[in-house]
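Participant: I'd like to ask you about the structure that follows.
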Amino acid sequence: MSTLTYNPYAPENVQDPYPLFKQMRDEVPVYHNPEMKFWALSRYDDVCMAHRDTKRFSSAGGVTIEGAEAGMPLLILRDPPDHSWHKGLVTKVFTPGRMASLEPFIRATAIELLEAMNGKDEVDFVHDFTVELPLSVICELIEIPREIRREVHERANAVVVRGSDLDDQAAMKAMFEQLQVFQELAADRRANPRDDVITLLINTEVKDEDGGVRRLDDTEIATHFIELATAGHETVAKAIANGLIALHHFPEQRARIQADPSLIPAAVEELLRYDPPSQLQGRTTTEDVTLHGVTIPAGSKTMLITAAATRDERAFENPDVYDVGRSLDQRSVYFGFGIHKCLGIHLARLEMRIALEELFRRYPDYRIDPEESHRPAFSNLRGVADLRMWPGQHA
């Protein structure tokens, strides 16, 4: 019987969880942590199955181990049939036309941020680029005023941090302030309608629990915007930095991509598989579930470990190797799976592609030092808080 212990907030797992994930897949594919009160699935097929099986694996109990978000009017916490109209509501934000119109803004923003590094011997690439790019993009999409954008990021970080960096009071204060800011924006748009996303949601009719038709109140709108703002920039910010660190460890792959920029879309997909920013997603069992001879009792918080699934040898050959030539065949689950697959998937890919294109074009000889980076523990995410970079000579 295996005696391994999986605590996602433990420093050694925050630093590098992948050796433990392999051990879990091989020895305890249905893992139980009685102290932290959660179960975990780590094999690719099991993670995909649980994502699809919304009847037995419910999102309503929260997506984090603690489940403090349960009961909030968030799309990610909705099960069918309630999920359908909530998803339809949020889909109005991510229309193809809206996404296409953002590409010039994304590229211009990336260029502006990179050009600001010209002539500098050293920069913090997380602070100066990986946070600023997706934060600017999501705020442009949902039209958050420029003067409060950095505060939106800092509050979002305070809410998702865990482990030794956790400050419960700061997290509660950040959540309250974030909610208050978006409530004020919603109230302002009710008084002063515009041709923007907030006004669109204010004017959209939705179904209530009794099947009637109503409109969202300011708190519901604010909560949706917190979800969009947090997911829309935190994951991409961490994904870009994770990607550069992966290329640092596989320099021959970096050289291959830089020699042939047409490989960048494939490089993005492989970066997301190799070290996904969203590491695990929580569900709650609605009935006893038996897998591999182990029964997860009804009512149990069960974490679906995406990052373990994308390194499963049963699904991917040589999974611990970053390979830009890998054919993923639509099998990766780094954007979620099933009904909760990320609505911003195309936007995230677009941002990462443009980030790599413009970085390689301007600073082909850049160097980074990930060994000095601080890697906080987060509720569901994996990423560094800083990344020392020497841009090198501007091309």
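Read-outs throughout are calculated quantities, based only on the coordinates presented, and are distinct from any laboratory measurement. On a predicted model such as this, the values are computed, not experimentally measured, just so you know. Heads up, the Cβs are rebuilt from the backbone with ideal geometry, glycines too, and the neighbour counts pull from every protein chain shown.
Participant: Given the alpha-carbon gyration tensor of region 185-277, what are the semi-axes of its equivalent ellipsoid in whole angstrom, ordered largest first, with each equal to the square root of 5 times an eigenvalue?
Facilitator: Numbers: eigenvalues 362, 39, 29 Å².
For region 185-277, the ellipsoid semi-axes come out as 43, 14, 12 Å.
Participant: What order, most packed first, do the peptides 263-272, 358-367, 237-246 have when packing is the mean number of other Cβ atoms within 10 Å of each residue?
Facilitator: Values: 263-272: 21.0, 358-367: 16.7, 237-246: 24.2.
Highest to lowest by the protection proxy: 237-246, 263-272, 358-367.
Participant: When you count, for each residue, the other Cβ atoms within 10 Å and take the mean per peptide, how do 378-388, 24-34, 308-318 rank with the highest first? Working shown, then result.
Facilitator: Working: 378-388: 21.8, 24-34: 17.2, 308-318: 19.3.
Peptide ranking by packing, descending: 378-388, 308-318, 24-34.
Participant: Taking the Cα centre of the chain as origin, sum charge times position over the Cβ atoms of Lys and Arg (+1) and Asp and Glu (-1), and report the length of that vector in debye to the nearest 20. Intermediate values should be presented prior to the final figure.
Facilitator: Values: 44 positive and 63 negative charges, 169 e Å.
Rounded to the nearest 20 debye, it is 820 debye.
Participant: Here's another thing I want to ask about it. Could you calculate the contour length gain from residue 68 to residue 294, that is, 0.36 nm times the residue separation minus the distance between their Cα atoms, to one decimal place in nm? Provide the component values of the computation, followed by the final result.
Facilitator: On the way: separation 226, 0.36 × 226 = 81.36 nm, distance 2.71 nm.
Length gained, residue 68 through residue 294: 78.7 nm.
Participant: For region 11-390, what is the per residue volume of the convex hull drawn over the alpha-carbon atoms, in cubic angstrom? Mind dumping the intermediate values first?
Facilitator: Working: hull volume 53.0 nm³, N = 380.
Residue-normalised Cα hull volume stands at 140 Å³.
Participant: Which of 55, 22, 301 moves most in a GNM of the chain, Cα contacts under 10 Å?
Facilitator: 55
Participant: Okay, next question. Would you calculate a helix-derived [θ] at 222 nm for the chain, using -39,500 (n - 2.57) for each DSSP H run of n ≥ 4 and dividing by the full residue count, to the nearest 500? Don't skip to the answer; put the middle values down first.
Facilitator: Details: 14 runs with 181 residues, N = 395.
After summing the helix terms and dividing by residue count, I get -14500 deg cm²/dmol.
Participant: Please work out how many pairs of lysine residues in the chain are eight or more positions apart (or on different chains) and have Cα atoms closer than 22 angstrom.
Facilitator: Final tally of qualifying lysine pairs is 14.
Participant: Under a 5 Å amide H to amide H cut-off, with H placed in plane at 1.01 Å, what residues pair with residue 381 once short-range neighbours are removed?
Facilitator: For residue 381, the qualifying residues are 279.
Participant: In the chain, with Lys and Arg counted as +1 and Asp and Glu as -1 at Cβ, which of these residues, 60, 33, 383, has the Cα nearest the positive end of the dipole, that is, farthest along it?
Facilitator: Most positive-ward Cα: 60.
Participant: Any idea what % of Cα-Cα pairs in region 342-395 are farther than 15 Å?
Facilitator: Details: 928 of 1431 pairs.
Across region 342-395, Cα pairs with separations above 15 Å total 65 percent.
Participant: Under the definition of Cα pairs under 8 Å and six or more residues apart, what whole-number percent is the relative contact order of the chain? Spell out each step's value before the answer.
Facilitator: Numbers: 633 pairs, mean separation 105.6, N = 395.
Here the relative contact order equals 27 percent.
Participant: Just the ratio, please: alpha-carbon radius of gyration of region 265-395 over 2.2 N^0.38 Å, N its number of residues.
Facilitator: On the way: Rg = 18.0 Å, N = 131, 2.2 N^0.38 = 14.0 Å.
Scaled against compact globular proteins, the figure is 1.28.
Participant: Considering only the chain, what is the antiparallel percent among its DSSP beta bridges, to the nearest 5? Display every interim value, and only then the final one.
Facilitator: Numbers: 25 of 29 bridges.
Of the beta bridges lying entirely in the chain, close to 85 percent run antiparallel.
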